[in-house]
1. Hey, can you grab everything whose amide H is under 5 Å from the amide H of L150? Only 5+ residues off in sequence or another chain; H modelled, so Pro and N-termini drop out.
2. Using a Gaussian network for the chain with springs between C-alpha atoms less than 10 Å apart, which of these wobbles most: G116, G126, G38?
3. If we restrict to alpha carbons, what Rg and Dmax does the stretch 49-113 come to, in Å?
4. For mean projected area of the Cα convex hull in nm², pick the label among [x] 11.0; [y] 14.5; [z] 13.0 that corresponds to the value derived from the coordinates.
5. Mind checking which of L88, A134, C179 is farthest towards the positive end of the chain's charge dipole, using Cβ charges of +1 (Lys, Arg) and -1 (Asp, Glu) about the Cα centre?
6. So, with +1 on the Cβ of K and R and -1 on the Cβ of D and E, and no other charges, what is the size of the charge dipole of the stretch 1-158 about its Cα centre, to the nearest 20 debye?
7. Might you list the cysteines of the chain that have no disulfide-compatible partner by the rule of another cysteine's Cβ under 4.7 Å?
8. Sorting D73, D98 by accessible area (1.4 Å probe), largest first, what list results?
Amino acid sequence: MNEFALALLEAFLNSHASERAEWFDPEHPEFFDEWARGPAAADGVQDGTPEVAATTGETIRRLAGAERASSEDVATARDVRDALLALLLGDGDGAPSDLDALLARLPVRLRATAAGRIDLEAAGTGPTAVAAAALLAAHDLAVEGAWERLRLCRADDCHWAYFDRSKNRSRVWCDMKVCGARAKARAYRDRQRVT
């Protein structure tokens, strides 16, 4: 499996769950710039080594470019992220058609590789290039048969994206020590009240 594609997709999806209310706020495009150029993007990588997270952060910085993000491009990136989250949450009845409409606005190009293959890659820079790279990463995971293992944490106050590496594909929390422990403690308290 392509660990870098997974890390890029996780960082993109996890931009919704942070100390800031919304990194992809069209009214404040500087928030996107802060996310993409600072440590916050790499902090969104749930799975992978520190090296994978660092490389992901560098990739997002390169894709974001040096120019200030426009409100329209930030809105497009947010719409792509939210449509992908809706698909993962299972409440995305309109998400496939929403993504289809958004794809026409994303900069993607074909590129010939030294290995003699033709690859798709995000073109240009800015929020739409980051969104295009995240969608291409989702495509790569789907081709590899790994998309079904991408999950969102079941905790209502989290919904952090993570890759389910469990043998029986039954993991439901991003982190057993945090969200899992809180859920189990809550369930225990609820059982104690009933008895």
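The values are calculated or read from the model by the stated rules, or taken from the named source; none is laboratory data. Since we're looking at a predicted model, the values are computed, not measured. Neighbour counts are summed over all protein chains in view; Cβ atoms, including those assigned to glycine, are modelled from backbone coordinates with ideal geometry. Calculation scope for accessible area: heavy atoms of the full protein, side chains included, ligands and nucleic acids excluded. Shrake-Rupley method; radii C 1.70, N 1.55, O 1.52, S 1.80 Å.
1. Under 5 Å from the amide H of L150 lie the amide H atoms of D164, each far enough along the sequence or on another chain.
2. In the Gaussian network model the winner is G116.
3. 14.5, 38
4. [z]
5. C179
6. 560 debye
7. Cysteines of the chain left without a disulfide-compatible partner: C179.
8. Order by accessible area, largest first: D98, D73.
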